[in-house]
1. Could you work out the local net charge near residue 187, counting Lys and Arg as +1, Asp and Glu as -1, over the other residues with Cβ closer than 15 Å to its Cβ?
2. What fraction of the Cα pairs in the stretch 103-185, stated in percent, has a spacing above 20 angstrom?
3. Sort 100, 179 so the one with the fewest other Cβ atoms within 10 Å of its own Cβ comes first.
4. Going by how many other Cβ atoms sit within 10 Å of their own, how do 107, 60 line up, fewest first?
5. Using only the Cα atoms of the chain, what are the Rg and Dmax in Å?
6. Taking only DSSP H segments of four or more residues, each worth -39500 (n - 2.57), what value at 222 nm results for the chain once the sum is divided by all its residues, to the nearest 500 deg cm²/dmol?
7. What are the ³J(HN,Hα) values, in whole Hz, obtained from phi via the Karplus relation 6.51 cos²θ - 1.76 cosθ + 1.60 with θ = phi - 60°, for each residue of the stretch 105-117 in sequence order, with x given for Gly and Pro?
8. Fewest to most neighbouring Cβ within 10 Å: what's the order for 95, 152?
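Throughout, read-outs are computed from the coordinates displayed, never taken from laboratory work. If you're wondering where the values come from, they're calculated on a predicted model, not measured in any experiment. Counting neighbours? That spans all protein chains shown, and the Cβs are built from the backbone with ideal geometry, glycine included.
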Amino acid sequence: MQIIVAITGASGAPYAIRLIQALVEEKLEVHVTISAAGARLLKHEMGIAVDLRNFSVKSLLGKTTTRVVYYHHDYISAPIASGTFPIDAMVVVPCSMSTLAGIAAGLGNNLILRAADVTLKERRPLILVPRETPLGLIAIENMASVTRAGACVLPAMPALYNRPKTVQEMVDFVVGKILDQLHIRHELFRRWGE
């Protein structure tokens, strides 16, 4: 299984890092692209400095792995920008409102938007993880538009019924919900009734 993970500039960098870690742990191939705002977000929220031009997986995950393939967000002719490349799904986490708007409008002026557009046209799962509150009407209409086009809008809303004791447990809940949408078994959280 090959998954695209795009990191944009909305708050929620821990969700992206934990998702990539979980996918790598499952021995999946992860194709990563990061917007400039996403790189600033990683630095601000997690102290992770990534050089988008001279990218190092170790700078992102703290270790090296051959399971992560990186593409600069301006590399519009990257393999993941083509419907012929065998991607199984794409996750934009966190998904900024501007990225959401670009996907809803069908724009393709960077790799993240182009890959999302290709994912939708190929009828592959596209999961968008916005972390914004409150929501304005434009954002809600954009969410409705991408949902009609086939995307899954999965807001970063941790549950409280499982009585999380740490921020990591709250992050794991949201990442577990993403993995559920990808049909990947996990034990990141206790399910209702367990």
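1. Values: positive: 18, 177, 185, 190, 191; negative: 25, 26, 169, 172, 180, 194.
Here the count lands on -1.
2. The proportion of pairs with Cα distances above 20 Å equals 43 percent.
3. Values: 100 25, 179 21.
By the 10 Å Cβ count, ascending, the order reads 179, 100.
4. 107, 60
5. 15.6, 47
6. Values: 7 runs with 76 residues, N = 194.
It comes out at -12000 deg cm²/dmol, rounded to the nearest 500.
7. 7, x, 6, x, 8, 8, 5, 4, 5, 5, 5, 5, 4
8. Working: 95 31, 152 17.
In order of increasing Cβ crowding within 10 Å: 152, 95.
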